[in-house]
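Here is the structure we will look at, set down as structure tokens.
Every number in this text was worked out from the coordinates using simple rules, so none of it is lab data. In this text, all values refer to a predicted model and were calculated from it rather than measured experimentally. Every residue, glycine among them, receives a Cβ derived from its backbone with ideal geometry; neighbour counts consider all protein chains shown.
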Amino acid sequence: MNSAARRIGRTLALVLPVVLVLSGTLAVTRVPWASPGTDSKMLTASSENASTKAGSRAPQDVLRDRLLVELQEKNPGVALTHLQEETTKRPSLAKHCVAIARALGRAAVAKYGGAAHRAQAWSRPVCDTSFATGVASVQ
């Protein structure tokens, strides 16, 4: 009796994963987004229920994008100065300061063609030296 149970267990252990993989593969191929004709139907159905607020961007995203453009047009020092000014004017942006400063650090390295030492020259103690952290993360 014990050997029969072992054989059944071994058979199930070999067959069950195969059955699960095959059924999962078949299930994925039968979803509505697999056919190209249903894409437009899904988009129109979701666009009717979409809110207009979904298109607006968060203030920290707008600030980050503006500072990244400024960094490219001028220099990282100007962008860091404006970041410091904005976080002082609007304290609600202070919690995003670290992420923005790191993004500026990475962008500065990219601006100088990977020369981290040139980007690091602009480093300041804005947001706990997060700019320097962003520069170092690219290396």
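Among 66-78, 125-137, how do they line up from the highest to the lowest mean number of other beta-carbon atoms within 10 Å? The partial results should precede the final answer.
Values: 66-78: 16.5, 125-137: 18.8.
Result, highest mean Cβ count within 10 Å first: 125-137, 66-78.
Karplus-derived 3J(HN,Hα) values for the stretch 98-107, using 6.51 cos²θ - 1.76 cosθ + 1.60 with θ = phi - 60°, are 4, 5, 5, 5, 5, 4, 5, x, 5, 5 Hz; glycine and proline are entered as x.
Taken over the C-alpha atoms, the stretch 48-139 has Rg and Dmax values of 14.2, 51 angstrom. Model label sites at GLU73 and VAL18, defined 7 Å from Cα along the beta-carbon direction, differ in position by 6.5 nm.
Phi angles of the stretch 59-65 translate, via the Karplus equation with coefficients 6.51, -1.76, 1.60 and θ = phi - 60°, into HN-Hα couplings of x, 5, 5, 5, 4, 4, 5 Hz per residue; Gly and Pro are given as x. What the Cβ-Cβ distance of VAL62 and ARG118 gives, at R0 = 30 Å and to the nearest 0.05, is a FRET efficiency of 0.65.
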